[in-house]
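The structure under discussion appears below in the form of structure tokens.
The values are calculated or read from the model by the stated rules, or taken from the named source; none is laboratory data. Small disclaimer: the values here were computed from a predicted structure and weren't measured. Cβ coordinates were reconstructed from backbone atoms using ideal geometry, including for glycine residues, and neighbour counts include every protein chain displayed. For accessibility, only protein heavy atoms count, side chains too; no ligands or nucleic acids. Shrake-Rupley method; radii C 1.70, N 1.55, O 1.52, S 1.80 Å.
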Amino acid sequence: MQRRLALVDCNNFYVSCERVFRPDLIGQPVAVLSNNDGCVVARSQEVKDLGIKMGVPLFQIRHLVDQHDIRLFSSNYALYADMSSRVMATLEEFAPSLEVYSIDEAFLDLSGVYPCQQNPIAYGQRIKQAVFRATGIPVSVGLGPTKTLAKLANFAAKKWKKTGGVLDLSDPVRREKLMKIVPVGEVWGIGRKIAARLEQLGINSVWDLASQPPERIQAQFSVVVSRTVLELNGISCLELEEIAPNKQQIVCSRSFSRKLTAYRELSAALAEFGSRAAEKLRKQRSVTGCITVFIRTNPFNPNEPQYQRAASAKLDAGTQDSRVIVATANRLLEAIYKPGYGYKKAGVQLSAIQPATAPAQLDLFDLADSDLPAENRELMQAMDRINRRYPKAIALAATGIDKSWKPKAERISKRYTTDWKELVIVK
């Protein structure tokens, strides 16, 4: 039995979420902006057709926004996360195994699924129609015997409309035909630098790469790229990961809506970032053994004095206690803060992460840091339970009351699906 995987990818996901509740935006140029409304992070096809690139700062395209009446939105992650969970729930009905690859993509293992064996394209169309009917989100479906080929099929399904949004690359003849016209840089896992090196060797198309001996590619690049060659030839090297692995690093950082100059304000912001990072750590049932803090001024403003520093602290024992993480972050800030600068961004990073059940490896002669709060996991669990039921009901006093530094979100849409007060009203 031939293995058959599918990659289902939402089309222009953030923009599509906005359009579900604002059908008047269909056919209009729409873009979604990053935190602080700084850069473009999602574009409708109409915006792409104007030549606006992903990640471009808003101020650089202001003239195009005005000229073409581009509708702008701040990122609404509460809405996008909820819509994503609805899409994934719909996809689970079509496959015995599913890997949620990102907020808008999932791999499905369709091997042995009878309707798919009979007619893969028709089954892909069924998936596409079911997701749209359940959520209003358009998706594209790529099928193939490996993850890399499913990704490539999805790329082609999106690019060429005559595919109807569904393409199967199980047939080697069709595969070769497509690979010969797609640039090597479009292959999943081939970044810009590797693509440039490949092109220097005369490997310009996907077919050129697939035709290389894996041993040669491994010798000149890495085992990862050689696996890509095998995957392009239908030899599966990447398994489906139904359970997402725990993160080995957690970073919580933001650009501020205004420059922060006072130590007190930076300290409050870092306390908030540390609290949020600790919540994520507890959610995956882990502890951290190293905390890093960084602060920086705005590097894009050459007329102002520039300063950036980072500092790290290795903990005697792993912790998931918000109070320990925030107190340590505050100590690190004391060491790197300098007055007289306007700080634009700061963040907290947790590393040396391990399972909370792992035994602590204390040195016999280590002494506990008596100035830090004692680890209290029951207290943190109680805090998390309350905040899940009543969002943001409990916070550490260190996070402060004044949140005017928070990123701007002046164009944010309503939380249509997660807040009773913001439900859509049908007249």
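For the stretch 231-248, check the following and say yes or no: at least one residue is out of contact with any helix residue (DSSP H, G or I) (no Cβ under 6 Å at 6 or more places or on another chain) and within 30 Å of K403 (Cα to Cα).
Yes, because at least one residue in the stretch 231-248 is out of contact with any helix residue (DSSP H, G or I) (no Cβ under 6 Å at 6 or more places or on another chain) and within 30 Å of K403 (Cα to Cα).
Which residue out of L362, L350 is at pLDDT 80 or above, of a type outside the set (S, T, N, Q) and at negative phi?
Just a single option satisfies the conditions, and that option is L350.
Can we say V15 is in a helix (DSSP H, G or I), β-branched (V, I, T) and either open to solvent by 30 Å² or more (accessible area, probe 1.4 Å) or more than 30 Å from E239 (Cα to Cα) (or both)? Walk me through how you get there before you give the answer.
Working: in a helix (DSSP H, G or I): yes; β-branched (V, I, T): yes; either open to solvent by 30 Å² or more (accessible area, probe 1.4 Å) or more than 30 Å from E239 (Cα to Cα) (or both): yes.
Spelling it out, V15 is indeed in a helix (DSSP H, G or I), β-branched (V, I, T) and either open to solvent by 30 Å² or more (accessible area, probe 1.4 Å) or more than 30 Å from E239 (Cα to Cα) (or both).
Considering only residues that are out of contact with any Phe, Trp or Tyr (no Cβ under 7 Å at 6 or more places or on another chain) and not in a helix (DSSP H, G or I), look in the stretch 395-406 and name the one that is surrounded by the most Cβ atoms within 10 Å (Cβ to Cβ).
The qualifying residue surrounded by the most Cβ atoms within 10 Å (Cβ to Cβ) is L396.
Select from the stretch 116-129 the residues that are open to solvent by 10 Å² or more (accessible area, probe 1.4 Å) and at pLDDT 95 or above and list them in ascending order.
N119, P120, I121, A122, Y123, Q125, R126, K128, Q129
S75 passes all but one of (1) loosely packed, with under 14 Cβ neighbours inside 10 Å; (2) in contact with a strand residue (DSSP E or B) (Cβ under 8 Å, 6 or more places away or on another chain); which number fails?
Checking S75 against (1) loosely packed, with under 14 Cβ neighbours inside 10 Å; (2) in contact with a strand residue (DSSP E or B) (Cβ under 8 Å, 6 or more places away or on another chain), the one that fails is (1).
List the helices (runs of 4 or more DSSP H) that sit entirely inside the stretch 64-156 and contain at least 1 residues that are under 20 Å from the mean Cα position of the chain (by Cα).
Numbers: elements: 77-91, 114-118, 120-135.
Correct list: 77-91.
Please indicate, with yes or no, whether at least one residue in the stretch 258-278 is among the acidic types (D, E) and assigned to a loop (DSSP other than H, G, I, E, B).
no
Check the stretch 156-176 and report whether any residue there is touching a strand residue (DSSP E or B) at 6+ places or on another chain (Cβ under 6 Å) and within 15 Å of T228 (Cα to Cα).
Scanning the stretch 156-176, I find no residue that is touching a strand residue (DSSP E or B) at 6+ places or on another chain (Cβ under 6 Å) and within 15 Å of T228 (Cα to Cα), so the answer is no.
Can you tell me which residue is farthest from the chain's Cα centre (by Cα) among those in the stretch 162-211 that are free of Cβ contacts under 8 Å to residues at least 24 places away in the same chain, farther than 23 Å from I121 by Cα and assigned to a helix (DSSP H, G or I)? Don't jump to the end; show me each part of the working.
Pass one, the stretch 162-211, residues free of Cβ contacts under 8 Å to residues at least 24 places away in the same chain: 162-163, 171, 173-174, 177, 183, 185, 191-193, 195-196, 198-204, 211.
Those left that are additionally farther than 23 Å from I121 by Cα: 183, 185, 191-193, 195-196, 198-204, 211.
Adding the requirement that they be assigned to a helix (DSSP H, G or I) leaves 185, 192-193, 195-196, 198-200.
On the way: G185: 21, R192: 19, K193: 21, A195: 23, A196: 25, L198: 27, E199: 29, Q200: 31 Å.
Taking the candidates together, the pick is Q200.
With respect to K151, is the statement that it is within 15 Å of N233 (Cβ to Cβ), open to solvent by 10 Å² or more (accessible area, probe 1.4 Å) and at pLDDT 95 or above true? Don't jump to the end; show me each part of the working.
On the way: within 15 Å of N233 (Cβ to Cβ): yes; open to solvent by 10 Å² or more (accessible area, probe 1.4 Å): yes; at pLDDT 95 or above: yes.
Yes, satisfied.
Regarding T288, is this residue crowded, with 22+ Cβ neighbours inside 10 Å and over 25 Å from the mean Cα position of the chain (by Cα)?
no
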